[in-house]
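**Q** Take this structure, written in structure tokens, and hold onto it; I'll ask about it next.
Each value in this text was obtained by applying a stated rule to the coordinates, not by laboratory testing. Everything numeric here is computed off the predicted structure, so don't read it as measured data. Glycine also receives a Cβ, built like all others from the backbone with ideal geometry; neighbour counts cover every protein chain displayed.
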Amino acid sequence: MLLEGKRIAIFNVANKRSIAWAIAKALDAQGAELIVGYQNERTEDAVLALTGQLNRAPAAVVPCDVVVPEQIEAVQEAVAEKVGKIHGLVHSLAYAPRSALKNPYLFTEREDFLTTLEVSTYSLVALTRAFMPLFADEASVITITFYGAEKVMPNYNVMGVAKAALEASVRYLACDLGQAGVRVNAISSGPINTLAARGVEGFQGFLEIHRQKAPLKRSVEPREVGDAAVFLASDLSRAITGQVIYVDAGYQIMGV
Ligand SMILES: NC(=O)c1ccc[n+]([C@@H]2O[C@H](COP(=O)([O-])OP(=O)(O)OC[C@H]3O[C@@H](n4cnc5c(N)ncnc54)[C@H](O)[C@@H]3O)[C@@H](O)[C@H]2O)c1
């Protein structure tokens, strides 16, 4: 039980395929007590049903739409009241309008650019800042990124730019929070068939290329990202901060 006695907040689960849900199950299996977030009423029932499957009932299940600053504040207050100190924050959420994941990057509309960066990148800063007063000593912040931050992936477009900014945010936040003993890291996951991934035009083809090219000759299971999150949330990773850890069957090391 690597996470016995730790309370960890996870934003956001949408359904059983969500990477956030795989992480929730992995943390739960190691004894963590969870606070589980969902975006809005569209996913509320599904998330409440899922959380019923955890070994330990969550300390709270809370709505959190990150483009509504009052909601981030309300979530922080609810966690402060119901749970008190927390030992970890998992940020596993992103959004880009469909048109921005289809047309060439050159044609990204201003509004689409700002929305994507607000939801997918700024939300890490906003959530981390909101939870700072609640972090126990040696808390761990984890976000989920993708290799499209570094290399061009067809149709990933503005989301690649948002992930590049997310990875830079990990480094700046790690520097800011290090003195408080808080660590900040990203997991760069290989492609996984989720709702968000299916929004990227040509995703299935990319999954196939990944299987062929990755040294392990396979794709990545959500639970493998969950296991990496257990490591980063646990004391085993206590000297690791500001890093991007690849859980991608080795894809990132390949040239051609
Ligand atoms: N699936 C992949 O191939 C893959 C690979 C690398 C990284 N990631 C990243 O993993 C994270 C989770 O995505 P996923 O693939 O599990 O898909 P998902 O669709 O299950 O999860 C995306 C989550 O983002 C939430 N979200 C969207 N807009 C929001 C808003 N305004 N406020 C709050 N929440 C909002 C959704 O409600 C959902 O819970 C994302 O950051 C994604 O970019 C995914």
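**Q** Specify which residue in the list A49, S189, T143 is farthest towards the positive end of the charge dipole of the stretch 7-249, using unit charges on the beta carbon of Lys, Arg (+1) and Asp, Glu (-1), about the Cα centre.
**A** S189
**Q** Still on this structure, please answer the following. In whole Å, what is the distance between the alpha-carbon centres of the stretch 138-152 and the stretch 77-126?
**A** Cα centroid of the stretch 138-152 versus Cα centroid of the stretch 77-126: 13 Å apart.
**Q** Skipping prolines and chain starts, which residues have an amide H placed within reach, meaning under 5 Å, of the one on V247, given they are 5 or more residues away or on another chain?
**A** S188, S189, G190
**Q** Now for a different question. How tilted is helix 157-177 with respect to the longest principal axis of the chain? Cα atoms for both, answer in degrees (0 to 90, nearest 10).
**A** Once rounded, the angle reads 40 degrees.
**Q** In a Gaussian network model over the chain where Cα atoms closer than 10 Å are linked, find which of A80, A239, A26 has the largest mean-square fluctuation.
**A** A239
**Q** While we're looking at this one, here's another question. With a sphere of radius 14 Å drawn around the Cβ of L232, what net charge do the other residues whose Cβ falls strictly inside it have (Lys, Arg +1; Asp, Glu -1)?
**A** Once all neighbours under 14 Å are counted, the net charge is -1.
**Q** Top mean-square fluctuation among Q204, Q53, Q71, Gaussian network model of the chain, C-alpha springs under 10 Å?
**A** Q53
**Q** Just to confirm the filter: which trypsin sites (Lys or Arg not before Pro) across the stretch 158-256 are DSSP coil and have at most 16 other Cβ within 10 angstrom of their Cβ?
**A** Here the sparse-neighbourhood loop sites are K217, R218, R238.
**Q** Per-residue HN-Hα couplings for the stretch 100-116, Karplus 6.51 cos²θ - 1.76 cosθ + 1.60 at θ = phi - 60°, whole Hz, x for Gly and Pro?
**A** Those phi angles translate into 6, 9, 9, 6, x, 3, 3, 9, 4, 6, 3, 4, 5, 4, 5, 4, 4 Hz.
**Q** Related question: How large is the charge dipole for the chain, taken about the Cα centre, if only the Cβ atoms of Lys, Arg (+1) and Asp, Glu (-1) carry charge, to the nearest 20 debye? Show your work: numbers first, answer last.
**A** Values: 24 positive and 27 negative charges, 161 e Å.
Dipole magnitude for the chain comes out near 780 debye.
**Q** Label-point separation (nm) for N40 and E111, each offset 7 Å from Cα along Cα-to-Cβ?
**A** It is 1.5 nm.
**Q** Under the classification rounded if a/c is under 1.5, otherwise prolate if a/b is larger than b/c and oblate if not, where does the stretch 1-49 fall, given a ≥ b ≥ c as square roots of the Cα gyration tensor eigenvalues?
**A** Numbers: a/c = 2.77, a/b = 2.06, b/c = 1.35.
Because a/c hits 1.5 or more and a/b exceeds b/c, the stretch 1-49 counts as prolate.
**Q** Where does the charge balance sit around P154 when Lys and Arg score +1, Asp and Glu -1, over other residues with C-beta under 12 Å from its C-beta?
**A** Net charge around P154: +1.
**Q** Please report the relative contact order for the chain, taking Cα pairs under 8 Å with a sequence separation of at least 6, and give it as a percent rounded to a whole number.
**A** 20
**Q** Then there is this: So how do K25, K85, K6 line up by other beta-carbon neighbours within 10 Å, fewest first? It would help to have the intermediate numbers written out before the result.
**A** Working: K25 18, K85 13, K6 23.
Ranking K25, K85, K6 by Cβ neighbours within 10 Å, fewest first, gives K85, K25, K6.
**Q** Apply the a/c threshold of 1.5 to the C-alpha gyration tensor of the stretch 7-249 and tell me whether it is rounded, prolate or oblate. Intermediate results must be reported in sequence, preceding the final value.
**A** On the way: a/c = 1.42, a/b = 1.35, b/c = 1.05.
It is rounded, given that a/c, with a ≥ b ≥ c, falls under 1.5.
**Q** Once you list every other residue whose beta carbon is under 10 Å from the beta carbon of V200, what net charge do they have if Lys and Arg are +1 and Asp and Glu are -1? Write out the running numbers ahead of the final one.
**A** Numbers: positive: R98, K102, R198; negative: E201.
Residues close to V200 contribute a combined charge of +2.
**Q** Here's a follow-up. Where is the GNM fluctuation largest for the chain (alpha-carbon springs, 10 angstrom cutoff): I240, I144, I35?
**A** Comparing I240, I144, I35 in a Gaussian network model of the chain, the most mobile one is I240.
**Q** Assuming 0.36 nm per residue, please report the length gained on full extension of the stretch S99 to N15 beyond their Cα-Cα distance. Could you put the intermediate results ahead of the total?
**A** Details: separation 84, 0.36 × 84 = 30.24 nm, distance 2.34 nm.
Fully extending the segment from S99 to N15 adds 27.9 nm.
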